[in-house]
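All of the numbers you see were taken from the coordinates with simple rules; none came from a lab. Only a predicted model underlies this, so the values are computations on that prediction, with no experimental measurement involved. For neighbour counting, all protein chains shown are included, and Cβ atoms are generated from backbone atoms with ideal geometry for every residue, glycine included.
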Amino acid sequence: MIRIVLFVVLVGAVAALAVFVADEPGRVEIAWGDWLIETSPGALAAAVAAVAAVVALIWQVLRWLLRGPDNLARMRRLGRQRRGYRALTLGFVAAAAGDGHRARRLSRRANLLLEEPPLTLLLSAQAAQLEGDDDAAAEYFEAMLARPETEFLGLRGLLVHANRSGERERARDLAERAYRIRPEAAWVLTALLELRTRDGDFSGALKVLKEAERNDVVTADVGNRRRAALLVEAGRVARRTGDGRDAQRLASRAVDAAPGFVPGAIAAAETALAVGRNSAAAKIIERAWRHTPHPGLATAYRAAHEARDEVGQMKRLERLAALNPDHPESHLMLAAAALEVRLWGTARQHLVKAEGMQPGARTYRLLARLEEDEHGNTEAAHAWLIKASEAPSDPVWRCGQCGIQHASWSIACSSCGALDTLDWGAPVAGLEPPAEASKLDKSLGDSAIDSLSPDNSNEARTGA
Ligand SMILES: [Zn+2]
């Protein structure tokens, strides 16, 4: 608005000046050598204005001519860029559609046309991956590491590559580097938790787990269970290095993290026993028995008061069983103990109850023993053993991922390498247990200390 007003005012002023000059009488004389120009002031003003206009026009033309090559180059560059971005877009579309060959061709084209390595590197890497050329993809990811804007992406690509080719040390380095850049990223936390665990860096893994929980990468339940598992393994390391007190502290923390996690309770009871804190061990087992009765717990409970007489021991076990009276494990524990002290009636009573709740091979084997020990009836014992062979198998530590049975619990499955997948339950039909598992079957888990020994866990871990 102001500009329009100014323009109108200016035009008015120029017109007024022109009228004033034209109306004013007067003459202008210009003498130059033999030349003499005589004219009116109005005509002179008009001539000056015309010359100025011509000069301005010539200047514009000259300027355009001088800048011509620049303009042309700019237009050409813009054209290249446009074609480059088009190739890039089409390349990403091809990559998304799984057409590696076309994606690679377009990535080369985009690479030639564009000077944007971060963008073309990603497409090139994706295209190479789609074509199955992992080494070429790794090279592109490696190139990404040199630029801050693509470093994180490059690390992810290289980590996948390292995992695929089994380079665990390299994978760990890459994950640690990514963790320093973005410690909250879900894939970084997941990868580092796994890699630190596999390397036996349990305290490092516990730190990452905390971070993963804070960033909702794992739920509270999964986090607590994993914490307990890591603490049990950390406690085993402490025990192996002779630090009994540290082992006990770590195992107690495992129980606090997941009270129903049997390996934690057994480890806590065993480490308490190892330093002579027998009543503390008994308390830990009683607490665990309420959640999840387990043969390993029963064994540790007996170890807590070995020196007592047989009747006293039986009474103690009855008190433990009373904490979870409707569980078949409670009846099986009492039946086995009664057989040892030749309380035939009590043994039979508990075996009948156990069979009614959950008929299994272990119940029938104990019935066979009862027939043989009480009456010397080998025929009846044989019949029970046949029944045992046909009955559902006893629970074992088995991997939820591959189904393989294990003689003892450990954080890594020695068969498939999965982490924290071992649970106590019915074995998977058709999957033979490894040779060491037969020990558990034979002993009915009567040696919790053996079955959870650090040596076993180490074997499982290194096999992962
Ligand atoms: Zn497995």
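Key figures for this structure:
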| quantity | calculated |
| --- | --- |
| Compactness of the chain - radius of gyration and Dmax, Cα, Å | 43.0, 157 |
| Relative contact order for region 70-121, counting Cα pairs under 8 Å that sit 6 or more residues apart, in percent | 37 percent |
| Helix-derived mean residue ellipticity, 222 nm - over the chain, DSSP H n ≥ 4, -39500 (n - 2.57), to 500 | -23500 deg cm²/dmol |
| Additional length obtainable on full extension of the chain from Lys283 to Glu115, 0.36 nm per residue less Cα span | 53.5 nm |
| Contact order normalised by residue count of region 323-392, Cα under 8 Å, 6+ apart, percent | 27 percent |
| Total charge dipole magnitude, the chain, about the Cα centre, Cβ charges on Lys, Arg, Asp, Glu only, Debye to nearest 20 | 800 debye |
| Of the GluC sites (Glu not before Pro) in region 284-348, those whose Cβ has at most 13 other Cβ within 10 Å and which sit in DSSP loop | Glu306 |
| For Phe152, Phe141, Phe261, order by how many other beta-carbon atoms lie within 10 Å, fewest first | Phe152, Phe261, Phe141 |
| Span per principal axis, largest first, for the Cα atoms of region 1-111 (Å) | 89, 45, 10 |
| Cα gyration tensor, region 89-143 - rounded (a/c under 1.5), prolate or oblate | oblate |
| 12 Å beta-carbon shell around Ala381, net charge (K/R +1, D/E -1) | -2 |
| Cα lying deepest toward the dipole's positive end in the chain, options Leu231, His331, Gly400, charges on Cβ | Leu231 |
| Percent RCO, i.e. relative contact order, over the chain, from Cα pairs under 8 Å lying at least 6 residues apart | 7 percent |
| For region 237-357, size of Cβ-based charge dipole, Lys and Arg +1, Asp and Glu -1, in debye | 260 debye |
| Val352 paired with Glu390, simple spin-label distance in nm, labels 7 Å along Cα-to-beta-carbon | 2.2 nm |
| Euclidean distance between Cα centres, region 100-156 to region 300-331, Å | 66 Å |
| Among Ala137, Val275, Ala13 - extreme Cα towards positive end, dipole of the chain, charges at beta-carbon | Ala13 |
| Using a Förster distance of 45 Å, the FRET efficiency for Ser203-Arg319 (Cβ separation, nearest 0.05) | 0.75 |
| Degrees, to the nearest 10: 220-240 long Cα axis against longest axis of the chain | 60 degrees |
| Spin-label pair Asp133/Ala380, simplified geometry with 7 Å Cα→Cβ offset, distance in nm | 7.8 nm |
| Additional length obtainable on full extension of the chain from Thr219 to Ala429, 0.36 nm per residue less Cα span | 72.5 nm |
| Burial order of peptide ranges 230-241, 409-420, 26-37 (average beta-carbon count within 10 Å, highest first) | 230-241, 409-420, 26-37 |
| Dipole of the chain [Lys/Arg +1, Asp/Glu -1 at C-beta], most positive-end residue of Ala258, Gln358, Trp59 | Trp59 |
| Rg/Rg_globular for region 105-176, with Rg_globular taken as 2.2 N^0.38 Å and Rg from C-alpha atoms | 1.09 |
| Per DSSP, loop GluC sites (Glu not before Pro) in region 68-176 with at most 15 further Cβ within 10 Å | Glu115, Glu131, Glu149, Glu167 |
| Whole-angstrom gap from region 365-416 to region 227-285, using each part's C-alpha centre | 27 Å |
| Semi-axis lengths, Å, region 323-392, gyration tensor of Cα atoms, sqrt of 5 times eigenvalues | 19, 15, 7 |
| Check: region 1-92 dipole with +1 on Lys, Arg Cβ and -1 on Asp, Glu Cβ, in debye | 1600 debye |
| Calculated FRET efficiency for the pair Glu176/Leu62, C-beta based, R₀ 60 Å, to 0.05 | 0.40 |
| Rg to Rh, two decimals, where region 205-303 supplies the alpha carbon set and Rh follows Kirkwood | 1.01 |
